[in-house]
1. With the structure loaded, tell me whether residue 416 is small (Gly, Ala, Ser), open to solvent by 20 Å² or more (accessible area, probe 1.4 Å) and either at pLDDT 95 or above or assigned to a strand (DSSP E or B) (or both) or whether it fails that test.
2. Considering segment 329-376 alone, what residues qualify as being closer than 17 Å to residue 295 by Cβ and small (Gly, Ala, Ser)?
3. Pairs under 7 Å by beta carbon, first residue under 17 Å from residue 349 (Cα atoms) in segment 284-300, partner among the charged types (D, E, K, R) and open to solvent by less than 10 Å² (accessible area, probe 1.4 Å), six or more apart or different chains?
4. Anything in segment 216-247 that is polar (S, T, N, Q) and either at pLDDT below 95 or over 29 Å from residue 185 (Cβ atoms) (or both)? List them, or say none.
5. Restricting attention to segment 219-235, and to residues there that are open to solvent by 10 Å² or more (accessible area, probe 1.4 Å), in contact (Cβ under 8 Å) with a residue 40 or more places away in the chain and not in a loop (DSSP other than H, G, I, E, B), which single residue is nearest to residue 277 (Cα to Cα)?
6. Looking for something outside any strand (DSSP E or B), free of Cβ contacts under 8 Å to residues at least 12 places away in the same chain and buried (at least 17 other Cβ atoms within 10 Å of the Cβ) - is there at least one such residue anywhere in segment 141-157?
7. Mind listing whichever residues of segment 298-328 are open to solvent by less than 10 Å² (accessible area, probe 1.4 Å), farther than 13 Å from residue 281 by Cα and out of contact with any helix residue (DSSP H, G or I) (no Cβ under 7 Å at 6 or more places or on another chain)?
8. Collect the residues in segment 23-52 that are within 15 Å of the chain's Cα centre (by Cα) and within 23 Å of residue 338 (Cβ to Cβ), keeping them in residue-number order.
Amino acid sequence: MAGNTDKGYRSQVMYSIFVRNHSAEGTFEKVRQDLGRIKGLGADIVWLMPIHPIGEVNRKGTLGSPYAIRDYRAVNPEYGTLEEFRRLADDIHKLGMKCVIDVVYNHTSPDSVLAKEHPEWFYHKPDGSLGNRVGDWWDVVDLDYANRGLWEYQIETLKYWASMVDGFRCDVAPLVPLEFWLEARAEVEKVRPGCFWLAESVEPSFVREGRAQGLSVLSDAECYQAFDACYDYDIHDIFQDYLLGRVPLERYAEAVSRQEVTYPDNFVKLRFLENHDRARAAFVIPSDVARLNWTAFLYFQKGLTLLYAGQEAGCAHRPSLFDKDDVEWSGGPDSSELLKRLASLKKNPILTDSRYEVEALSPDILRATHRRGERQLVGVFSVRGNSALVPVDAPNGVYPDLASGGEVEVYGGMVGCKGRPVIFETPWTGGWPV
């Protein structure tokens with residue numbers, strides 16, 4: 001684990017923005033004008049998906065993927081100027097939030113500045129041409145980190161942007177050597193002390209298949225040596241399988257709890273229901289009450305909470321990465337007030353450093369607890385919207401319900417769940433009832 005990773009990231013909310021589709025204009029300026037609303041949702045970090053110029057050769061769609069970058073040291077003129085980006089970053093800071101940008105260091109577009117000026121820094125196919133090692137990424141060519149000159153260029157680029165931003169979300173970080181990330185972190189620290197590093201870690205199946213094909217693919221355990229946070233793709237397949245009825249809820253609860261003993265004490269997972277690479281939560285969880293429970297559990301989880309722009313508006317359509325496809329801000333039921341309340345819950349210090357346990361109870365209910373000292377947070381989440389009487393280890397009494405803003409009563413070691421999430425704080429006395 002990165003030695004100076006702050007457990008405080010577990011009490012924060014990150015808001016992800018694809019500038020092109022965030023507004024009809026698709027500019028830095030329109031994002032800047034939306035910052036007050038984003039801050040009001042409880043966001044601590046604004047993550048901007050790649051802000052750089054996009055390649056034209058082998059372009060996907062009409063506008064191309066933001067992950068097919070042409071120039072790491074420039075901004076996409078479609079979004080605005082460098083000065084407008086600086087103004088956006090400055091205003092993010094003025095509102096007390098951090099600004100994080102995407103780093104895409106496994107590959108570039110085929111017509112990138114580096115491909116033209118330093119073709120020797122790239123992976124070459126048997127015929128000598130530039131290529132990539134992942135089949136469906138045909139709009140990019142892979143970099144080769146066997147070249148020391150590439151390391152120096154990439155680190156200098158990071159230091160340049162670190163003068164303006166507070167951290168980096170690193171695309172497919174496991175395909176870039178760990179030694180590079182360790183050196184980059186140390187160098188950037190000189191420019192931006194406390195810089196935040198998020199690894200887009202990958203699914204276990206990606207690790208297995210990549211290694212079987214002879215690729216060097218980092219596990220989460222390896223990534224944590226250089227990064228402050230990793231995606232929770234290590235268990236995301238189980239979550240999806242549960243939604244599809246392929247596995248019982250117990251499998252997912254066990255997977256979440258297993259993370260507690262798999263990773264270092266200060267590990268931080270990025271918790272999400274949706275992101276730009278996955279279907280929207282409103283699509284995969286069409287039931288409003290089920291999605292309400294999963295959203296509350298998302299914030300209750302130990303880890304950094306991710307919101308993908310439009311999630312608060314109940315959008316079911318995931319915007320295209322390759323075309324102009326604006327967020328449907330009136331796409332569904334607005335959950336902004338709920339998210340504000342849950343963001344306040346996220347600041348409870350118990351969530352930052354706790355003994356965290358998750359259990360599955362019938363019928364399809366997650367019971368989770370954070371315990372610290374003589375206090376505990378108890379959460380009951382009916383992920384199918386079922387009503388039930390749920391056993392909890394808490395003293396009799398009426399407590400504020402931190403999920404609904406109302407009250408919840410505990411009597412005889414039981415709490416009534418009416419299909420909606422329940423979260424409350426109580427003294428901790430030890431031991432589950434038999």
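1. Values: small (Gly, Ala, Ser): yes; open to solvent by 20 Å² or more (accessible area, probe 1.4 Å): yes; either at pLDDT 95 or above or assigned to a strand (DSSP E or B) (or both): yes.
Yes, satisfied.
2. Within segment 329-376, 331, 332, 335, 336, 343, 344, 368 meet the criteria.
3. 298/271; 299/346
4. Restricting attention to segment 216-247, the residues satisfying the condition of being polar (S, T, N, Q) are 216, 219, 225, 240.
Those that are polar (S, T, N, Q) and either at pLDDT below 95 or over 29 Å from residue 185 (Cβ atoms) (or both): 216, 240.
5. Among those residues, the one meeting the criterion is 220.
6. Let us first name the residues in segment 141-157 that are outside any strand (DSSP E or B), namely 144-157.
From what is left, the residues that are free of Cβ contacts under 8 Å to residues at least 12 places away in the same chain are 146, 148, 152, 156.
When the remaining residues are screened for being buried (at least 17 other Cβ atoms within 10 Å of the Cβ), the result is none.
No, the conditions are met nowhere in segment 141-157.
7. 300, 301, listed by residue number.
8. 43, 44, 45, 46, 47
The values are calculated or read from the model by the stated rules, or taken from the named source; none is laboratory data. Quick caveat, the model's predicted, so the values are computed rather than measured. FYI the Cβ positions are ideal-geometry reconstructions off the backbone, even for glycines, and counts take in every protein chain you see. For accessibility, only protein heavy atoms count, side chains too; no ligands or nucleic acids. Shrake-Rupley method; radii C 1.70, N 1.55, O 1.52, S 1.80 Å.
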